[in-house]
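*Asks:* One structure, pasted below without further comment.
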Amino acid sequence: MTPKEMALTAAKALDEKKGGDIAAIEITEQTTLADYFVIATGNSNTQINALCGAVEKAMKEQAGEDPLRREGYRDGTWVLLDYGCVVVHVFS
């Protein structure tokens with residue numbers, strides 16, 4: 001699966017769980033950290049965790065990928081999922 005397809009998979013999973021302000025931004029020319037940055041908002045800590053769970057499930061099932069790193073789960077007000085070529089950030 002290409003980085004673009006992975007980013008779209010994450011965005012679709014966020015949309016299916018009613019994430020807000022979803023954007024998949026190509027950042028290939030701006031940084032070497034990733035090819036795509038996917039952002040979305042959630043209305044509560046519970047929704048943020050559900051959004052990230054949906055992304056992780058979709059990425060595992062469709063791309064065979066687990067995140068390399070997860071940050072922010074403890075606070076619940078933001079979560080960052082790093083898939084190498086795609087970074088997903090969900091926040092309130």
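*Asks:* Once you place label points 7 Å from the Cα toward the Cβ at Asn49 and Glu71, how far apart are they in nm?
*Replies:* Roughly 2.1 nm, to one decimal.
*Asks:* Let me check against my output: what whole-number percent is the relative contact order of the chain, with C-alpha pairs under 8 Å and at least 6 apart?
*Replies:* About 31 percent, as a whole number.
*Asks:* I need the fraction of alpha carbon pairs in the chain separated by more than 24 Å, rounded to a whole percent.
*Replies:* Looking at the chain, the distances longer than 24 Å represent 10 percent of pairs.
*Asks:* Where does helix 45-58 land angle-wise versus the long Cα axis of the chain, in degrees 0 to 90, nearest 10?
*Replies:* Computed tilt is about 40 degrees.
*Asks:* Within the chain, what's the longest stretch lacking trypsin sites (Lys or Arg not before Pro) that sit in DSSP loops with no more than 14 other Cβ atoms inside 10 Å? Show your work: numbers first, answer last.
*Replies:* Values: sites that count: Lys18, Arg74.
Answer - 19-73.
*Asks:* Per residue, how much accessible surface does the chain expose to a 1.4 Å probe? Answer in Å², no decimals.
*Replies:* 58 Å²
*Asks:* To the nearest 20 Debye, how big is the dipole of the chain about its Cα centre, given +1 on the beta carbon of each Lys and Arg and -1 on that of each Asp and Glu?
*Replies:* Using Cβ point charges on Lys, Arg, Asp and Glu, the chain gives about 300 debye.
*Asks:* Quick one: angle between helix 3-16 and the longest Cα principal axis of the chain, in degrees between 0 and 90, rounded to 10, please.
*Replies:* Helix 3-16 and the main axis of the chain meet at about 20 degrees.
*Asks:* Also, quick follow-up: I'd like the carbon and sulfur percentage of the solvent accessible area for the chain, probe radius 1.4 Å, heavy atoms only, ligands and nucleic acids excluded.
*Replies:* With neighbouring chains kept in place, the figure for the chain is 49 percent.
The values are calculated or read from the model by the stated rules, or taken from the named source; none is laboratory data. On a predicted model such as this, the values are computed, not experimentally measured, just so you know. Ideal geometry is used to build each Cβ from the backbone, glycine not excepted, and the neighbour counts take in all protein chains shown. Only protein heavy atoms, including side chains, enter the accessible area calculation; ligands, DNA and RNA are left aside. Shrake-Rupley method; radii C 1.70, N 1.55, O 1.52, S 1.80 Å.
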